[in-house]
1. Here is a check on your reading of the model: is His104 under 16 Å from His240 (Cα atoms), more than 13 Å from the chain's Cα centre (by Cα) and not aliphatic (A, V, I, L, M)?
2. Among helices (runs of 4 or more DSSP H) lying entirely in the stretch 147-259, which contain 1 or more residues that are farther than 30 Å from Thr276 by Cβ?
3. Within the stretch 258-271, is there a residue that is over 21 Å from Met70 (Cβ atoms), of a type outside the set (Ser, Thr, Tyr), over 16 Å from the mean Cα position of the chain (by Cα) and crowded, with 21+ Cβ neighbours inside 10 Å?
4. Would you confirm whether or not the stretch 131-142 contains a residue that is out of contact with any His (no Cβ under 7 Å at 6 or more places or on another chain), within 22 Å of Phe51 (Cβ to Cβ) and either in a helix (DSSP H, G or I) or not polar (S, T, N, Q) (or both)?
5. Filter the stretch 141-150 for residues that are touching a helix residue (DSSP H, G or I) at 6+ places or on another chain (Cβ under 9 Å) and without any contact (Cβ under 8 Å) to a residue 40 or more places away in the chain and give the result.
6. Name the residue, out of His108, His67, that is crowded, with 22+ Cβ neighbours inside 10 Å and of a type outside the set (Val, Ile, Thr).
7. Is one or more of the residues making up the stretch 250-260 among the charged types (D, E, K, R) and within 28 Å of Asp116 (Cβ to Cβ)?
8. Of everything in the stretch 232-254 that's of a type in the set (S, T, N, Q) and surrounded by fewer than 24 Cβ atoms within 10 Å (Cβ to Cβ), which residue is nearest to His104 (Cα to Cα)?
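Every read-out reported here was derived from the displayed coordinates using simple, explicitly stated rules and does not represent laboratory data. Quick caveat: nothing in here was measured; it's all calculated off a predicted structure. In this analysis, Cβ positions are derived from the backbone assuming ideal geometry, glycine residues included, and neighbour counts consider all displayed protein chains.
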Amino acid sequence: MKTTTLPALPFSPSCSLATIILFGLLSVGAVLAVPAFGFLYGYTWLDWTMFVLLYVVTGLGITIGYHRLMAHRSFDCPDAVKVALMIAGGWALQNTALKWASDHIRHHAHCDGESDPYNAQRGFWYSHCGWLFYNDPRPNEKYASRLRQDRIVMWQQRNYILIVISGFALPFLAGLLFHGWMGGIGCVLLAGVGRIFAVLNSTFCINSICHLWGDQPHGTFDSSRDSWWVSLLTFGEGYHNYHHTHQSDYRNGPYWYNFDPSKWVIFLLSAVGLATSLRTIPRADG
């Protein structure tokens, strides 16, 4: 698909120095420190187990908690489940649910337009991660007002830094307990720094790849596309053209053969009484 690169952003955003530094340190740690430690010392079964476990937990925290629950209200759940999802999402280091979900609501409201926070028409790198490095002065309160009424969202907002710290502390303490200080360092590097870098970039693929390349079986009204292989990395989020067409459906992959672990978890939660009001589009059942 040929994409159009738009001119410079009209609101002349200033750079977000804090985000640039944080993302830079994380990237250097993931690209240099993680493989260097593996070459010099090696990683244990515990390190890899924690990496996989936390990748799944934090990825689902974003796809189920931040995205399908908070941004789209595609189902409801008790506060205890919501708290667990907010902690898991916070461990992914993708900002608070309030900021993430309000940006995402604005994305759907203005997809491919000037007010789309991660507009793919500005190119791959801008939509993938470049948009994060700017301070957007446009008001977001219109899209955040509903979220501010949720006490669990606001609890996470107040405690976000502690939640992030606990996400690093967990693998460090696990490694320390089993293999001493070097074990703690190795585990926090792989299951902390490396895992966060992997989850961030898999999520970024939805904003970039799934708006540039793929199929549009459900509509061509915007740039959203289905990419089955992105779904393998993002627990079902790659069926993005369907999602843009039916935003409130708790399933991104509506058919039984679609790889969408997020919908399976939501369905299992509903089967044991921990999720209710699952929203679907009947004609998409298959």
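1. Numbers: under 16 Å from His240 (Cα atoms): yes; more than 13 Å from the chain's Cα centre (by Cα): no; not aliphatic (A, V, I, L, M): yes.
For His104, the condition - under 16 Å from His240 (Cα atoms), more than 13 Å from the chain's Cα centre (by Cα) and not aliphatic (A, V, I, L, M) - is not met.
2. Values: elements: 151-158, 160-188, 195-207, 228-234, 240-245.
Filter on the stretch 147-259 gives 160-188, 195-207, 228-234.
3. Of all residues in the stretch 258-271, those over 21 Å from Met70 (Cβ atoms) come to 258-259, 271.
Those still in the list that are of a type outside the set (Ser, Thr, Tyr) too: 258-259, 271.
Restricting the remaining residues to those that are over 16 Å from the mean Cα position of the chain (by Cα) gives 258-259, 271.
Still in the running and crowded, with 21+ Cβ neighbours inside 10 Å: none.
Checked against the condition, which is being over 21 Å from Met70 (Cβ atoms), of a type outside the set (Ser, Thr, Tyr), over 16 Å from the mean Cα position of the chain (by Cα) and crowded, with 21+ Cβ neighbours inside 10 Å, the stretch 258-271 yields no hits at all.
4. Scanning the stretch 131-142, I find no residue that is out of contact with any His (no Cβ under 7 Å at 6 or more places or on another chain), within 22 Å of Phe51 (Cβ to Cβ) and either in a helix (DSSP H, G or I) or not polar (S, T, N, Q) (or both), so the answer is no.
5. Filtering the stretch 141-150 down to residues touching a helix residue (DSSP H, G or I) at 6+ places or on another chain (Cβ under 9 Å) leaves 141-148, 150.
Answer for the stretch 141-150, where residues must be touching a helix residue (DSSP H, G or I) at 6+ places or on another chain (Cβ under 9 Å) and without any contact (Cβ under 8 Å) to a residue 40 or more places away in the chain: Glu141, Lys142, Ser145, Arg146.
6. Working: His108 fails: crowded, with 22+ Cβ neighbours inside 10 Å.
Sole residue among the options that is crowded, with 22+ Cβ neighbours inside 10 Å and of a type outside the set (Val, Ile, Thr): His67.
7. Residues of the stretch 250-260 among the charged types (D, E, K, R): 251, 260.
Filter once more, keeping what is within 28 Å of Asp116 (Cβ to Cβ): 251, 260.
Yes, some residue in the stretch 250-260 is among the charged types (D, E, K, R) and within 28 Å of Asp116 (Cβ to Cβ).
8. Just the residues of the stretch 232-254 that are of a type in the set (S, T, N, Q), to begin with: 234, 241, 245, 247-248, 252.
Narrowing the set further to residues that are surrounded by fewer than 24 Cβ atoms within 10 Å (Cβ to Cβ) leaves 245, 247-248.
Values: Thr245: 15, Gln247: 11, Ser248: 13 Å.
Per the stated criteria, the residue is Gln247.
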